[in-house]
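The values are calculated or read from the model by the stated rules, or taken from the named source; none is laboratory data. The structure displayed is predicted, hence computed values, not measured ones. Note that we place each Cβ from the backbone using ideal geometry, even for glycine, and neighbour counts take in every protein chain shown.
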Amino acid sequence: MTDFEINFNDKESGSTIDGFLSWTARGTQDGAVPPASFYINDNGEKQPLAAMKKEGVVIDIYNMKTGWSFFDGSATQWQWNETLTNWQAQPGEDWKKGLQIDVLAGESVYLWRQAGVAVTEGFKRLAEQFAGKATGKLPKIKLKGTDIMKFKVGQTSVPLFEIVDWVERPLPLDSKGETTTDEKEEF
């Protein structure tokens, strides 16, 4: 079983996380972030992450997690999978698939921990592009657009990514991912 990890973004404790990254299909209610955008939430301040559309960001696929998330009205609970290739059974009807991954934008490291159809479908489509290319390097990706996914009732915007490069592990992600190529998950 994988050890449970948590980060409260406490700068005084030496946290390596500079904020939290999220995808919004509809935009934020306060209007600070437009629809179909990634944004940073740093201590309640929301701002779009321009790097996601411009130069791109590096994602740490070798230290990511997948699992199930449930919001009980006051807090979000997570149940992580032991590996990236084997999903545990859904713990309950209201639990949603999600992920957690470190994202490097410039020199800042953000934690993208989010659940939902748009997020998982977007990452699933991105992972299809990894085939045979994830040989120890990390993908630098950017948002190239969105795809509308319709349901019986409603719809959502799925983020569509392109891989712009494969890079050696950047120093800001070094402290988070000290595994060797032999220990990494295969994509």
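Which residue out of 68, 23 is more than 20 Å from residue 159 (Cβ to Cβ), crowded, with 18+ Cβ neighbours inside 10 Å and at pLDDT 95 or above?
68 is the lone residue from the list that is more than 20 Å from residue 159 (Cβ to Cβ), crowded, with 18+ Cβ neighbours inside 10 Å and at pLDDT 95 or above.
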Residue tally, condition more than 14 Å from the chain's Cα centre (by Cα) and assigned to a strand (DSSP E or B), over the range 105-137: 1
Return the residue satisfying two criteria in turn: it lies in the range 52-78 and is of a type in the set (A, V, I, L, M, F, W, C) and part of a loop (DSSP other than H, G, I, E, B), and of such residues it is farthest from residue 136 (Cα to Cα). 75
What is the one condition in (1) surrounded by 14 or more Cβ atoms within 10 Å (Cβ to Cβ); (2) within 14 Å of residue 57 (Cα to Cα); (3) more than 17 Å from the chain's Cα centre (by Cα) that residue 149 does not satisfy? (2)
Report, by residue number, each residue of the range 75-108 that is within 25 Å of residue 173 (Cα to Cα), of a type in the set (A, V, I, L, M) and at pLDDT 95 or above. 99, 101, 103, 104, 105
Any residue in the range 78-91 that is free of Cβ contacts under 8 Å to residues at least 40 places away in the same chain and of a type in the set (Phe, Trp, Tyr) sitting within a Cβ distance under 9 Å of a residue that is loosely packed, with under 12 Cβ neighbours inside 10 Å and part of a loop (DSSP other than H, G, I, E, B)? List the pairs, counting only those 6 or more apart or interchain. 78/4
